[in-house]
Amino acid sequence: MSCIIPDEQVFEYKEQGTIVVKNLLSGDLLERAKRSSTALEEKIPVPTFESLAMDAWKQREDPFLEIATRSPLVAAARQLIPESREEGLFVLKDAFFKSVGANQGCGWHVDDKFFWPAAPNTSGINIWVALDNVTSDGGGLAVAPGSHTSEFLGARDAIANGDTCALAQISPEWNARLEAMRETPTLQPGDAIIHTRYMFHRSDPFRDGSDAQRGPGVARYSVRYVPGSTRLDGGFGRVDGEITKLTGTIRDANTNGFHGLFLEVPLSTP
Ligand SMILES: [Fe+2]
């Protein structure tokens, strides 16, 4: 198996639940992602973000299908999800976002049942790739290393009833605790923040009055990977145009009637 992440970073990931991997995506694939993201931006404007596209791999295959299933992201996911060697590796969800202007994005959270449509206490990783520069003026992702442990179950519960982005209003105490642990990496295009499923993270809005706030914004593409035994119960997906409750394991999704929702990463890929 190829080891794209050095041992010391694998150790750091196990301890802290998150790492930054420089230059994970590069060259032609990165350039194509930057160009293609412009087309996605025009599609789905939502209030929380300037633009949002889930299932970019399906909506606009080139190059997102390739990034999700045939790029260094796959090698990183296989390395950090060892059970995927036996069970297979699946793309649970991807997302394209662009942060622009005074948009505040989403507060401290773990992904909810729509962004992470799987049963509670299942594992997996999110690989968040910057497609533009993230400077100290903001526009990127903040993480709270160590917040993936059971110590933070109370914070997860606080936002479990649908108020995914509102921890600051719901529980200022938990919010302050996470804020004190915050790390906000500066990144170049192609750099990735990798974090485990229950890592608390939030959008990092642009600093008010900064050049970056007036600029074209920061695009990012994120892919959530899980092993084949992951149960989907409790998650939701769009089946034949209807939001549907999911059941069974992700590797049985097609036979259970949830066609085309998830992607299995072919074993032959790097
Ligand atoms: Fe999230």
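Which condition breaks for Ser99 when tested against (1) surrounded by 22 or more Cβ atoms within 10 Å (Cβ to Cβ); (2) more than 16 Å from the ligand (Cβ to nearest atom)?
(2)
Could you give me the residue pairs with C-beta distances under 7 Å whose first residue belongs to segment 198-221 and is among the charged types (D, E, K, R), whose second residue is more than 16 Å from the ligand (Cβ to nearest atom) wherever it lies, and which are 6+ apart or on separate chains?
Listed pairs, sorted by first residue: Asp204/Gly138; Arg207/Asp137; Arg207/Gly138; Arg207/Gln213; Asp211/Asp137; Arg220/Leu131.
When segment 148-160 is examined, which residues are found to be at pLDDT 95 or above, away from the ligand (no atom under 12 Å from the Cβ) and among the aliphatic types (A, V, I, L, M)?
Of everything in segment 148-160, those that are at pLDDT 95 or above, away from the ligand (no atom under 12 Å from the Cβ) and among the aliphatic types (A, V, I, L, M) turn out to be Leu153, Ala155, Ala158.
Return the pairs, sorted by first residue and then second, in which the second residue is assigned to a helix (DSSP H, G or I), the first residue lies in segment 11-37 and is closer than 11 Å to Val129 by Cβ, the beta carbons are less than 6 Å apart, and the residues are 6+ apart or on different chains.
Leu24/Pro72; Leu29/Pro63; Ala33/Pro63
Any residue at all in segment 110-128 that's within 25 Å of Ala176 (Cα to Cα), in contact with a Cys (Cβ under 7 Å, 6 or more places away or on another chain) and either hydrophobic (A, V, I, L, M, F, W, C) or within 14 Å of the ligand (Cβ to nearest atom) (or both)?
No, every residue in segment 110-128 fails to be within 25 Å of Ala176 (Cα to Cα), in contact with a Cys (Cβ under 7 Å, 6 or more places away or on another chain) and either hydrophobic (A, V, I, L, M, F, W, C) or within 14 Å of the ligand (Cβ to nearest atom) (or both).
Could you check segment 177-270 for strands (runs of 3 or more DSSP E) lying wholly inside it with 2 or more residues that are buried (at least 20 other Cβ atoms within 10 Å of the Cβ)?
Where strands (runs of 3 or more DSSP E) fall fully within segment 177-270 and carry at least 2 residues being buried (at least 20 other Cβ atoms within 10 Å of the Cβ), they are 192-196, 201-203, 218-227.
Just one of Ala33, Ala39, Ala95 is more than 20 Å from Leu263 (Cα to Cα) and either of a type outside the set (S, T, N, Q) or modelled with pLDDT of 85 or more (or both); which is it?
Of the residues listed, the single one that is more than 20 Å from Leu263 (Cα to Cα) and either of a type outside the set (S, T, N, Q) or modelled with pLDDT of 85 or more (or both) is Ala39.
Quick one: in segment 129-147, which of the residues that are in a loop (DSSP other than H, G, I, E, B) and more than 15 Å from the ligand (Cβ to nearest atom) is farthest from Glu31 (Cα to Cα)?
My answer is Gly146.
Looking only at segment 161-171, which residues are of a type in the set (Gly, Ala, Ser) and within 16 Å of the ligand (Cβ to nearest atom)?
The answer is Gly162, Ala166, Ala168.
So which residues in segment 150-168 are assigned to a helix (DSSP H, G or I) and in contact (Cβ under 8 Å) with a residue 40 or more places away in the chain, if there are any at all?
Phe152, Ala155, Arg156, Leu167, Ala168
Residues in segment 211-224: is at least one more than 29 Å from Ala253 (Cα to Cα), acidic (Asp, Glu) and over 21 Å from the mean Cα position of the chain (by Cα)?
There is at least one residue in segment 211-224 that is more than 29 Å from Ala253 (Cα to Cα), acidic (Asp, Glu) and over 21 Å from the mean Cα position of the chain (by Cα).
Would you confirm, using the coordinates I've provided, whether Gly190 is on the phi > 0 side of the Ramachandran plot, away from the ligand (no atom under 16 Å from the Cβ) and at pLDDT 95 or above?
It is true that Gly190 is on the phi > 0 side of the Ramachandran plot, away from the ligand (no atom under 16 Å from the Cβ) and at pLDDT 95 or above.
What is the residue count in segment 209-229 for residues that are modelled with pLDDT of 95 or more and more than 14 Å from the ligand (Cβ to nearest atom)?
5
The values are calculated or read from the model by the stated rules, or taken from the named source; none is laboratory data. What you see is a predicted model; the values in this text were computed from it and never measured. As a convention, Cβ positions derive from the backbone with ideal geometry for all residues, glycine included, and neighbour counts pool all protein chains shown.
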